[in-house]
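Following: one structure in structure tokens, then a few remarks.
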Amino acid sequence: MGLLEQHKQPAVKETKMQEEKLQELLQYVSQHSPFYKELFAKHQVDISVIKTLTDLSLIPPTTKEDLQQRNNDFLCVPAEKVVEYTSTSGTLGSPVTIALTENDLNRLAYNEYNSFSCADGSKNDIYQLMLTLDRQFMAGIAYYLGIRKLGAGIIRLGPGVPALQWETIKRLKPTAIVAVPSFILKLIAFAKEAGIDVNQTSVKKAICIGENIRNTDFSLNILGKKITESWDIHLYSTYASTEMQTAFTECGEGKGGHYQPELVIVELLDENNQPVEPYTPGEVTITTLGVEGMPLLRYKTGDICMYFDEPCACGRTSLRLSSILGRKKQMIKFKGTTLYPPALFDLLNEREEILDFVVEVYSNEIGLDQVLLYVLPIENSEECDHRIRAYLQARLRVSPHIKYVTAEEIQKIQFSEASRKAIKFIDKRA
């Protein structure tokens, strides 16, 4: 069965396949996972009665705190079977190690092969990877393995350095780039200064990682619009996490990230761990299928998304996920207003007066959330400051603290020694 045909299966076949894989997983973790053995015993979970996807609700969810505090207890194989150690970026709290076996690396390659195929990729493409392949970054190795499986060409250039990116594009003529959207804007700005016509280059599409490019109605957000207004390339959004070892990637229709039901079971849960309806925000909760090293059951990612269950115009029938609306633990309660960082990023990206920024949230002396914006302005003037402040007051209805910084200072804030990608949000709350 071909890849697209596989994802066009009737829902009943898809459910049956997932339920068979779920029962295999339950048997596996009950024998090999110290964490899940203990969880099943503590909550008197009888895995023999869990037959359907609905029965998953009999198992208590696993949290990020569980994974941080009991990291080694999730490992299901002896150390000699581990061939790759990856880690989360540690955006909230300490990083978590995810160990992979040879089978897991093959699964990861298949996952990204599916993803790049979904994003209209083929063996005729050449991908320029504008991201790190070191520092235990799973995404970097995943993209590399997936593109190899696709049979396409790869240029491993790494992040940053617009001059080198453009020199390589001119010399090797990639058809696609894999990059963080805000860095694509920096590429465009450099090209304008250097007299490079971006629309006369070989690059026709971009796989966008790490940042939203769409609103919940699938329209391009400010970041997506700024890119496509200057550069006539097709943008494909992708959502994944190290823990789930699986990606949700857009097809050419741009209507949400496509589900890979053979690799993961996804639930979107409300505050009471009950499933939400389509078009309703819920916390992405995943159960990995086919993972050997560190499988997860009902793992709550902390990411808030919506899902859409009508068939896609591309022919795939599995559900699709929206862009991340926010992260549960990053929600900011500021002067009576609820903010999520992605919405704040959209506002800041909208203004020409703001070249770059970092959002910092901290607690004041009485425990309330406070917001500090580090802003790199287009110019240091009272008029520019007034426009920025008036805009934020009008759009947010509250006034965050603003600290203007230089290009060197914003670079230091965004790229600490340990960071693998630009940091846009710093949470200093207790």
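Kindly report the accessible area of the chain per residue (heavy atoms of protein chains, probe 1.4 Å, no ligands, DNA or RNA), in Å².
46 Å²
Once neighbouring chains are kept in place and the probe is 1.4 Å, which whole percent of the accessible area of the chain is contributed by carbon and sulfur?
Ligands and nucleic acids excluded, carbon and sulfur reach 51 percent.
Quick check: net charge around GLY256, other residues with Cβ under 13 Å of its Cβ, Lys/Arg +1 and Asp/Glu -1?
It works out to a net charge of -1.
Scan around VAL180 for amide H atoms under 5 Å from its own, H built in the peptide plane at 1.01 Å from N, and keep only partners 5 or more places away or cross-chain.
ILE209
Give the label of the value calculated from the structure for semi-axes √(5λ) of the Cα gyration tensor in Å, choosing from (i) 32, 24, 20; (ii) 52, 32, 16; (iii) 36, 27, 20.
(iii)
To the nearest 20 debye, what charge dipole does the range 150-227 have about its Cα centre, counting +1 at the Cβ of each Lys and Arg and -1 at the Cβ of each Asp and Glu?
Using only the charged Cβ atoms, the result is roughly 160 debye.
Taking 8 Å as the Cα distance limit and 6 or more residues as the minimum spacing, I'd like the relative contact order of the range 26-155 as a percentage.
Once normalised by length, the contact order is 19 percent.
How high is the relative contact order of the chain, in percent, with contacts defined as C-alpha pairs under 8 Å that are six or more residues apart?
Once divided by the residue count of the chain, the mean separation gives 13 percent.
Around VAL77, with a cut-off of 15 angstrom between Cβ atoms, what is the net charge of the other residues, counting Lys and Arg +1 and Asp and Glu -1?
It works out to a net charge of -3.
Which value, in debye to the nearest 20, gives the size of the charge dipole of the chain about its Cα centre, when Lys and Arg are +1 and Asp and Glu are -1 at the Cβ?
For this selection, approximately 380 debye.
Please return the longest stretch of the chain lacking exposed loop sites, where chymotrypsin sites (Phe, Trp or Tyr not before Pro) count only if DSSP places them in a loop and at most 16 other Cβ atoms lie within 10 Å.
1-217
How many percent of DSSP beta bridges within the range 121-248 run antiparallel, rounded to 5?
Approximately 20 percent, going by the DSSP bridge assignments.
Could you give the distance between the Cα centres of the range 10-82 and the range 391-406, to the whole Å?
What the calculation gives is 45 Å, centre to centre.
Can you tell me the alpha carbon radius of gyration of the range 135-255 divided by the globular rule-of-thumb value 2.2 N^0.38 Å?
Scaled against compact globular proteins, the figure is 1.05.
Using Cα atoms only, what is the angle between the long axis of helix 162-172 and the major principal axis of the chain, expressed in degrees (0 to 90) to the nearest 10?
Roughly 70 degrees, rounded to the nearest 10.
So for GLU19, GLU353, what's the accessible-area order with a 1.4 Å probe, most first?
I get GLU19, GLU353, largest accessible area first.
Take the alpha carbon atoms of the range 225-257, find their center, do the same for the range 303-356, and report the distance between the two centers in whole angstrom.
Result: 13 Å between the Cα centres.
Determine the dipole magnitude for the range 67-157: charges of +1 sit on the beta-carbon of Lys and Arg, -1 on that of Asp and Glu, nothing else is charged, the reference point is the Cα centre, and the result goes in debye to the nearest 20.
Value, rounded to 20: 80 debye.
Helix-only mean residue ellipticity at 222 nm, the chain, DSSP H runs n ≥ 4 weighted -39,500 (n - 2.57), per residue, nearest 500. What is it?
So the helix-based figure for the chain works out to -10000 deg cm²/dmol.
Placing +1 on the Cβ of each Lys and Arg and -1 on the Cβ of each Asp and Glu in the chain, which of VAL405, TYR259, ASN215 has its Cα farthest towards the positive end of the resulting dipole?
My answer, from the dipole projection, is VAL405.
Estimate the FRET efficiency between GLN69 and GLU167 by the formula 1/(1 + (r/R0)^6), using the beta-carbon distance for r and 35 Å for R0, to the nearest 0.05.
Efficiency at R0 = 35 Å is approximately 0.15.
Of ASN273, PHE334, ILE324, which is farthest along the charge dipole of the range 223-335 in the positive direction, counting Lys and Arg as +1 and Asp and Glu as -1 at C-beta?
Final value for the positive-end residue is PHE334.
The values are calculated or read from the model by the stated rules, or taken from the named source; none is laboratory data. The model shown is predicted, which means the values in this text are computed figures rather than measured ones. Note: ideal-geometry Cβ built from the backbone for every residue, glycine included; neighbour counts use all protein chains shown. SASA here: full protein model, heavy atoms, side chains in, ligands and nucleic acids out. Shrake-Rupley method; radii C 1.70, N 1.55, O 1.52, S 1.80 Å.
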